[in-house]
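As structure tokens, the structure follows; a few thoughts come after it.
Derivation of every value follows stated rules applied to the coordinates shown; laboratory data play no part. Not measured: the values here are computed from a predicted model. Note: ideal-geometry Cβ built from the backbone for every residue, glycine included; neighbour counts use all protein chains shown.
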Amino acid sequence: MSYQDQERREHPRKKITTRLLWHVIAVSLILLLIAVLVSFWQTYPRAKQDVLAKLQADVQQKLAFNQEVLSGIEYQGDVLSEAFLKRYEAYVGKPEFAELFDDWFQETSPGVFRLQDEFFEGTTTANHVFRHLSTFVGPRGEPLDAELKARIVISLLVLSELAPAWQNEVTNTHFSMPENIISLYSPDSPWGSLADKDLVITDFSTVRSTLQQENPQRTPNWTGLYFDISAGFWTITYQQPVDLAGQHLVNSSFDVSLQQMITDFGHVDEAGVENYLLNAKGHLVASSTLANGIDGTRNTLTPENYDDPLFRALAARLLAADAPIEQAVWEDVDEDYLILVHHFETPNWWYFSVYPKALITEQALQIPLLMAVMGCFLVVILLLAVAFFVTRDVSRPLRELANIAALVNQKNYHAIEQESVSKVRSYGEVTQVLNAFRVMARRFVKANEELEQRIDERTLDLREANQKLEQLAHLDGLTALRNRRAFQKDVAQALQDHEGSYFFVMADIDDFKPFNDNYGHEAGDQALIAISRLFELVAASKTYRYGGEELAILIDAPDAKQVEQRLQELLQSIEKLAIEHLYSRRNQPFLTVSFGYTRIRPGESVSALIQRADKLLYQAKQQGGNCVVGDS
């Protein structure tokens, strides 16, 4: 902590200017708060009316559009039903329909029939093109007769003709039958092939609500939101029972998925606003709060099984109403929300717009907050002007002195030297003290720089000496080749390299002892030096004096052929030296060298590598010397 920070924390109220500033701030804030409260009290009712008007307009527009969409789906149900009845009355007695059933369907388990997969993937038969179709004929109490088979085939013919035109308006188009049968057009999945073999569709409320005993008035209906187990998504369904002469033939029906419902009804234009759509039973049809990952173990979403407190409160209030609600504003359902209610005539649903009261408060606070900001801005300008002159002429020079004193205590003389007197306005004694500190710091810095320069020079000399010692420690004194210590280090690294390709060469000057004995050790040393220089010319290699007249080479090469070639070239270069050796036991009258080489095998020991190369060198000696012997 710097000196001035410590002083300010220990004595925050000793300055008269600071106390005056605090008093001005306090009075200004109190006046601003009173102005904000009065303004808010006057603007809140107006903001509430504006929100209600906007919501009413938005909801009316949305409901008008969706009313048209849902009415269109109901009209499509009429078209689908009429098309089915027309074909049924014309063709139900013809035996070829039963034959088509036998050709198109396969019995996948006892009593369960499914439409062949090719009808979903795409096929042409009976002068019709079929695609995206599947049928599930589930367990029944009665066997399939010709009339029922014809009914199933007719449903497929009608779906193939009409359903493709509606695939962008609804999720699925299908015919369900009270005999536990459903034919379905769906571009997304072959529902009939996926349905469980034991499924009884009339056990569920969706199809059950169309049966004659459940729906004696034979009225079409929209379901609440439910989970389609076989398809794996949440949906609502429009169903229109189709009867003929008292017989329940089929239900013309359409699915609208949860995703479509959220897009149409659940979309919100403002953050924090939520929407709910309920049917006459209080079941949830759509909501902006729903997620795709909602639990699919429930058949429908009702106040009893869907844990949404606001949904439950809305359903309870709707069901408890004594008279039908056409349009209303509820403020007492939840203390945090304002709720607009609109009746959706087709198909007898209620749309709830849930608007947080906190958003109304935010709108009502806009004008008071603007007043507060403007007032604070003016007060701040005044305070800044006062603070500027006090800080410039008094506080800043004193803080600068405190900073420099702290830097002296820290022995940070570079920072003191860099402190500029001109960056603060100071007078008289303050300027003299600042200049004195700078002169003292400059002297300390100069002395430190001279000392550091001497240390750097000594360090450089020591580093160079260490480098020379390191080189001498790994070089042979006579030949300037790498010595035995460097050999051990480099060979160990090559043995650990599993990605490289290295070869190890042992070399020995033939009959070198008679050469030394007859020509003298001085001549022997000169010959060894000359030969060593040629060894260093071998490409991609490192050469070592292994001991006496023995030399070793590490060669980086992809294969033995290249090693052989390089050593043969070295052998010829040594012969060209033509160092006289009349005392050799071999036929050559000059010094020669024998080579034995082998590939380095990663992971083996150094001793094993040397023994293998030494044996190859011995073979070269046995062959008369002046040759190369190796393995791959």
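Descriptive notes on the structure:
- The distance separating the Cα centre of the range 486-525 from that of the range 555-632 comes to 10 Å.
- Cross-link table Lys513/Lys561; Lys561/Lys615; Lys468/Lys513; Lys86/Lys149, entries beyond 27 Å C-alpha to C-alpha: Lys513/Lys561; Lys468/Lys513
- Computed from the C-beta positions of Glu536 and Gln562, the FRET efficiency with R₀ = 25 Å rounds to 0.90.
- Given charges at Cβ of Lys, Arg, Asp, Glu: the range 484-630 dipole, positive-most of Ala523, Ser605, Ser594: Ser605
- Efficiency of FRET between His23 and Met374 - r from beta-carbon atoms, R0 35 angstrom, step 0.05: 0.95
- Sparsely packed GluC sites (Glu not before Pro) within the range 93-187, loop by DSSP, other Cβ within 10 Å at most 16: Glu169
- Per-residue packing, averaged as other Cβ atoms within 10 Å, sorts the ranges 277-286, 585-594 into the order 277-286, 585-594, beginning with the highest.
- All other residues whose Cβ lies under 13 angstrom from that of Val207 are scored, Lys and Arg at +1 and Asp and Glu at -1, for a net of -4.
- Within straight-line reach of Lys357, meaning a Cα separation under 14 Å, sit the following aspartates and glutamates at least 8 residues removed in sequence or on another chain: Asp50, Glu270, Glu274, Glu331, Asp332, Asp334, Glu335, Asp336.
- Label-zone membership for the range 323-350, site Lys54, 7 angstrom Cα→C-beta point, backbone N under 13 Å: none
- Estimated at 0.36 nm per residue, the fully extended path between Arg140 and Tyr91 surpasses their Cα-Cα distance by 15.2 nm.
- The label-point distance for Glu161 and Ala320, in a model that sets each label 7 Å from Cα toward Cβ, rounds to 5.3 nm.
- Multiplying the residue separation of Leu582 and Ala447 by 0.36 nm and subtracting their alpha-carbon distance yields 41.4 nm.
- At R0 = 41 Å, FRET efficiency that the Cβ-Cβ distance of Asp336 and Ile455 yields, to 0.05: 0.05
- Mean Cα-pair separation over length for the range 84-159, i.e. relative contact order, pairs under 8 Å, 6 or more apart, %: 36
- Maximal additional length on extending the Glu345-Gln526 stretch stands at 53.6 nm, based on 0.36 nm per residue less the C-alpha distance.
- P(r) tail for the range 474-533: Cα pairs beyond 18 Å make up 51% of the total.
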